[in-house]
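The values are calculated or read from the model by the stated rules, or taken from the named source; none is laboratory data. This is a predicted model, so every value here is computed, not measured. Positions of Cβ are generated from backbone atoms using ideal geometry, with glycine treated the same way; all protein chains shown enter the neighbour counts.
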Amino acid sequence: MRWEWIVVAYAGYFAIVAWTRGYSLALRGATVAALVSASVFALLPAPTGTWQIVARNWLPLVLLIAGYRLSGLFFVAPMRSVEERLLSFDRRVFDAVGWKPSGATRAPLVRGALELAYLLVYAMVPLGVVALYLAGASNELSRYWAVVLTACFASYAMLPWLQTRPPRVIEGLLPASDAPADRSTLRRLNLAILRTSSNQVNTLPSGHAAAALAVALMVLAAAPAAGLAFLALAVAIALATVAGRYHYTIDTFAGVAVALASWWWLG
């Protein structure tokens, strides 16, 4: 499947949600405009010029960000009963493995490494494109974007139905009141990025976990050595989402599952 039609399906999905779930007229119009624009683009002939091809290979990165921002417009209010269930599952998992979020601060090196991994997720998607270019597998970029966009969009698409806040917010780990041991430079940087660039809500499945694993699996097929490094980073990112309380445990499990399903279907 061409990645362009995945964008069309995503825009169409949100247009249906906007028009059937009583969202504002402005949001309805915006989703229709996005659907029409995506459809027109998908129907255009394949580029032939070198720079046109390069531009098309990088365009999905912009569309991925736009798709994430679009999903945030559908957040209305947190579902507190769902949040409590997610936190309850977290507590059971943490008790089973003998781990406490506050106890993680006693291992600053590990905590710092996980915060770094979480930060690197923003670079991982474009680096995956670079890795395919360097491996001489630029012909696989269409399939790469199909898998990555499907994994991410499937995560974002659940926001109208599962509206929750990140666990760090509920547990009081706000930027202004983080525990002293959490005030590392990387932690502050991650929180600053989230304050200024994120939708300020939680995605279930985790888009971070889904994107990281989808990228790693696609790079692994074309460049095994680089793919192993990407895979190790994806595992660290998955752990970081929970350890840093950026996501609930179920979010991360679901993100991994979505990435695997996307790779199995399209990769």
- Query: If you take the residues in region 172-219 that are part of a helix (DSSP H, G or I), modelled with pLDDT under 95 and aliphatic (A, V, I, L, M), which one is surrounded by the most Cβ atoms within 10 Å (Cβ to Cβ)?
  - Reply: L191
- Inspect region 113-123 for any residue being part of a helix (DSSP H, G or I), surrounded by fewer than 16 Cβ atoms within 10 Å (Cβ to Cβ) and not aliphatic (A, V, I, L, M) and give the result as yes or no. yes
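Residues are listed down the side, and each one gets a yes or a no for (1) at pLDDT below 95; (2) of a type in the set (A, V, I, L, M, F, W, C); (3) in contact with a Ser or Thr (Cβ under 9 Å, 6 or more places away or on another chain):
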position	(1), (2), (3)
A38	yes, yes, no
A42	yes, yes, no
A46	yes, yes, no
I53	yes, yes, yes
Y68	no, no, yes
E84	yes, no, no
L87	yes, yes, no
D90	yes, no, yes
- Note on the structure: Out of (1) out of contact with any helix residue (DSSP H, G or I) (no Cβ under 6 Å at 6 or more places or on another chain); (2) in a helix (DSSP H, G or I); (3) closer than 14 Å to Y118 by Cα, the one Y246 does not meet is (2)
- Set R80, R91, R28, R111: member being under 23 Å from A154 (Cβ atoms) and basic (K, R): R28
- Restricting region 72-99 to residues that are farther than 17 Å from D251 by Cβ and in contact with a helix residue (DSSP H, G or I) (Cβ under 7 Å, 6 or more places away or on another chain), which is surrounded by the most Cβ atoms within 10 Å (Cβ to Cβ)? F74
- Item | When residues of region 127-162 are limited to those that are outside any helix (DSSP H, G or I) and free of Cβ contacts under 8 Å to residues at least 24 places away in the same chain, the one nearest to L63 (Cα to Cα) | W161
- Query: Can you spot a residue in region 76-99 that is β-branched (V, I, T) and in contact with a His (Cβ under 8 Å, 6 or more places away or on another chain)?
  - Reply: no
- Can you tell me which residues in region 151-166 are touching a Ser or Thr at 6+ places or on another chain (Cβ under 6 Å) and hydrophobic (A, V, I, L, M, F, W, C)? A151, L159
